[in-house]
Number of protein chains: 2
Amino acid sequence: MPAKSTAGSAQADNITMKAGGYYSLATTGAKDVIDGAWPLFERALKAMDLAGGRDDGSPFTMTDMGCADGGTSIDAVGRVLAWVRERAPLRPLQMVYTDQIRNDYNTLFRIGFGQGPIESYHGRIPGLHILASATSFYEQILPAGSLDLGFSATAMHWLSAKPCDISNHVHSTGAEGDELAAFQAQGRRDWERILLHRAAELKPNGHLVLLNFGRDEEGRYLGNTGGRHMFDIMNRLWRDSLASGAITEAEYRAMTLPQYYNSVAEFTAPLNDPDSPVHRAGLRLSHVETRVVRCPYALAFEAHGDAARFAREYIPTIRSWNESIYKGALSSKRGAAERDAIIEDYYGRYETLVRDDPEGHGMDYVHCYLVIRKEG
Amino acid sequence: MPAKSTAGSAQADNITMKAGGYYSLATTGAKDVIDGAWPLFERALKAMDLAGGRDDGSPFTMTDMGCADGGTSIDAVGRVLAWVRERAPLRPLQMVYTDQIRNDYNTLFRIGFGQGPIESYHGRIPGLHILASATSFYEQILPAGSLDLGFSATAMHWLSAKPCDISNHVHSTGAEGDELAAFQAQGRRDWERILLHRAAELKPNGHLVLLNFGRDEEGRYLGNTGGRHMFDIMNRLWRDSLASGAITEAEYRAMTLPQYYNSVAEFTAPLNDPDSPVHRAGLRLSHVETRVVRCPYALAFEAHGDAARFAREYIPTIRSWNESIYKGALSSKRGAAERDAIIEDYYGRYETLVRDDPEGHGMDYVHCYLVIRKEG
């Protein structure tokens, strides 16, 4: 799914990934994205020269920013930590999972320690210390100069605040005019803010591996890669809720996802511009590429051909990251049961739509994969 | 209440403090114990000479081991961190809350960040990074040589494992013969294990401030300070459950609290004996004293004289730390509702006992307050 975390400030209160391990179980595609990033991790690790005299007993600290329940990154994090352990046997390893304060840390720790439904690296890697932080990536999470490898996947498209409601759509990819400009400006400010805090945290020659939702060179983005347009479908179904009288005009408008998908140019600009505060803080672009990772549910449908099964499996991956936003858009004057009924009806219609006419649906992931180093 | 944490290994699965903030709200006495320890914190902080050239930008790291929901220590931790911030303005502060894996970390973070029912220091102290660890204090929580001030209150009496069931009592203070010896030996091994891991974590001249349940020089301990004997009452009521047929003999025996209360001599022996591994690892005793902190509910009863109110307020403070052990002693063949009924009946009879004959009841806290430094 497209949203491992919010990590926002103003918006964070009503945005949460589904708890209790639901998130990882419903989001195998997000795990595919991370598992496929090993070449980027390896590039960053080799550039840090851990094998060349750096086994000095100082801690090697890694973060997973916007970790949700930790399940989607567990294999990649384990592979990175094992790689470091092999080459620097004397360095303590600190793995710091971070997310916003309403994340489910109880499940995170159980998954991290291998007590959840997913196998963990914990216990296979000696000298490892697992920690958690509830500090948003819009703030400084760790002490200055203490981070070796900062990682984040499918999280930093959540803005720190929603700049405005979008009058005709649920997502900034459908925004126009001043509303689009407001989201672009917010995205630029937020990306710079994220990078400046990371610049402070990183040790000299520390690295970032960031897998962020974005728009690729062909204009593709999450759920819009040639088939149906996922956000347009969401918008149409939500409009239908308005047309049927299930929700009010205010509730329609309030359902604006606080997300922005940067283009490759927007991601790289502050890293390449010598005058930007990010560049002046020492961050440099080491590598950038975009990738499309196929929706695992659409891919499975191509094999099994069972439309009802596709619909039944596909809708939960969407719910895992946007259900809380829909709920938050509904008036607090409604009772909990009434709000639940509106939400169930909405996703129920989406499931019916997919079941009755399944071709072209799917939530292909479009990420910008970045490796960034701190000069030093 | 007498049990901020378990942090055990084998036993940890069925021992938890009550979640959702219940713990702190029901345990104002535990907060009194910690708030009263300021002179010991001050002693440790002054010995670390933070004002004398140590403001070098390196992080100052504090732990609260067995933190539960973080509420009982929040004022003391805030006072310590503010003290350090004032004297070392350039040092990043890392506050690491630690407990066992089944602790309620979601509530912990909300309390730490001031989003719970209790006012927090967060936001008043710049350059502060709050973290959590789910690593037991029977393991090494932090990288070697990274800890400045290790703190723990009312937690380390929970053993890493129950050495045996006690045939005639619910608590080691009522054990005899071989059973008592088994608990003594476990207590000795566990205390040494706790200290050795802390010796590894501490920086040279780092300090520990540990407020542990124990037996004082007059033989007093929790709930046994001259009035009624709390653990004997618990044992008698649990025997009554057996006599009435509510529980089986096996369930009576399985209700053995995995706790041991060290005497002052037992606490200080490994710190003073030059041949002990703890002493060889560099830990030295800076200060030891015992204190009795009056049960706040018994104290309030002296003022208000309302026996029903006393009983109603007193039993929850006991439940907050031992309810999970009673439940764990019941056969898993019983349904959840049946187990709940047995537990409710047990505490109900305790409440009736106190209401009908309130004199002498109370859970006075008896702690051994230790300040320990690492040589270097």
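The values are calculated or read from the model by the stated rules, or taken from the named source; none is laboratory data. These figures come from a predicted structure and were not determined experimentally. Positions of Cβ are backbone-derived with ideal geometry, glycine not excepted, and every protein chain shown enters the neighbour counts. Surface areas here come from the heavy atoms of the whole protein model, side chains and all, with no ligands, DNA or RNA. Shrake-Rupley method; radii C 1.70, N 1.55, O 1.52, S 1.80 Å.
If you take the residues in region A:79-100 that are buried (at least 20 other Cβ atoms within 10 Å of the Cβ) and assigned to a loop (DSSP other than H, G, I, E, B), which one is nearest to the other protein chains (Cβ to nearest Cβ)? Among those residues, the one meeting the criterion is A:Pro92. When B:Ala341 is tested against (1) under 30 Å from B:Glu266 (Cβ atoms); (2) surrounded by fewer than 18 Cβ atoms within 10 Å (Cβ to Cβ), just one condition goes unmet, and that condition is (1).
The residue that is most open to solvent (accessible area, probe 1.4 Å), counting only those in region B:196-225 that are assigned to a loop (DSSP other than H, G, I, E, B) and touching a residue at least 24 places away in the same chain (Cβ under 8 Å), is B:Glu217.
Checking each residue in region B:318-338 for being over 14 Å from B:Ala254 (Cβ atoms) and open to solvent by 40 Å² or more (accessible area, probe 1.4 Å) picks out B:Ala336, B:Ala337, B:Glu338. There is no residue in region B:241-260 that is within 30 Å of B:Ala144 (Cβ to Cβ), in contact (Cβ under 8 Å) with a residue 60 or more places away in the chain and part of a helix (DSSP H, G or I). Checked against (1) under 28 Å from B:Leu283 (Cβ atoms); (2) within 14 Å of chain A (Cβ to nearest Cβ); (3) surrounded by 24 or more Cβ atoms within 10 Å (Cβ to Cβ), B:Ala30 meets all criteria but (2).
Could you check region B:350-374 and list, in sequence order, the residues that are surrounded by 16 or more Cβ atoms within 10 Å (Cβ to Cβ) and out of contact with any strand residue (DSSP E or B) (no Cβ under 6 Å at 6 or more places or on another chain)?
In the first step, residues of region B:350-374 are kept if they are surrounded by 16 or more Cβ atoms within 10 Å (Cβ to Cβ); the result is B:350-351, B:353-355, B:358, B:361-374.
Those that are surrounded by 16 or more Cβ atoms within 10 Å (Cβ to Cβ) and out of contact with any strand residue (DSSP E or B) (no Cβ under 6 Å at 6 or more places or on another chain): B:Tyr350, B:Glu351, B:Leu353, B:Val354, B:Arg355, B:Pro358, B:His361, B:Gly362, B:Met363.
Restricting region B:169-195 to residues that are touching a residue at least 60 places away in the same chain (Cβ under 8 Å) and not in a helix (DSSP H, G or I) leaves a set whose member that is nearest to B:Asn272 (Cα to Cα) is B:His171. If the condition is being free of Cβ contacts under 8 Å to residues at least 12 places away in the same chain and of a type outside the set (S, T, N, Q), then region A:323-339 contributes A:Lys333, A:Arg334, A:Gly335, A:Ala336, A:Ala337, A:Glu338.
Going by what's in this entry, would A:Asp190 be described as charged (D, E, K, R) and surrounded by fewer than 18 Cβ atoms within 10 Å (Cβ to Cβ)? I'd like the intermediate steps shown before the answer.
Working: charged (D, E, K, R): yes; surrounded by fewer than 18 Cβ atoms within 10 Å (Cβ to Cβ): no.
No; evaluated as a whole, the condition is false for this residue.
Restricting B:Glu323, B:Glu313 to residues that are more than 30 Å from B:Gly150 (Cβ to Cβ) and modelled with pLDDT under 95 narrows the list to B:Glu313.
Has region A:289-302 got any residue that is crowded, with 17+ Cβ neighbours inside 10 Å, in contact with a helix residue (DSSP H, G or I) (Cβ under 7 Å, 6 or more places away or on another chain) and part of a strand (DSSP E or B)? Checked against the condition, which is being crowded, with 17+ Cβ neighbours inside 10 Å, in contact with a helix residue (DSSP H, G or I) (Cβ under 7 Å, 6 or more places away or on another chain) and part of a strand (DSSP E or B), region A:289-302 yields at least one hit. Within region B:127-161, the set of residues being within 11 Å of chain A (Cβ to nearest Cβ), in a loop (DSSP other than H, G, I, E, B) and open to solvent by 10 Å² or more (accessible area, probe 1.4 Å) comprises B:Gly127, B:Thr135, B:Ser136, B:Glu139, B:Gln140, B:Ala144, B:Gly145, B:Ser146. For region B:43-65, the count of residues that are over 21 Å from the mean Cα position of the chain (by Cα), more than 9 Å from chain A (Cβ to nearest Cβ), open to solvent by less than 30 Å² (accessible area, probe 1.4 Å) and at pLDDT below 95 is at least one.
Under the condition of being more than 17 Å from A:Ser73 (Cα to Cα) and over 23 Å from the mean Cα position of the chain (by Cα), the residues counted in region A:92-145 number 6. Of all residues in region B:104-126, those satisfying the criterion of being within 8 Å of another protein chain (Cβ to nearest Cβ) and open to solvent by 10 Å² or more (accessible area, probe 1.4 Å) are B:Asp104, B:Asn106, B:Arg110, B:Phe113, B:Gln115.
Among the residues of region B:66-75, those that are more than 14 Å from chain A (Cβ to nearest Cβ), out of contact with any Pro (no Cβ under 9 Å at 6 or more places or on another chain) and surrounded by 24 or more Cβ atoms within 10 Å (Cβ to Cβ) comprise B:Gly66, B:Thr72, B:Ser73, B:Ile74.
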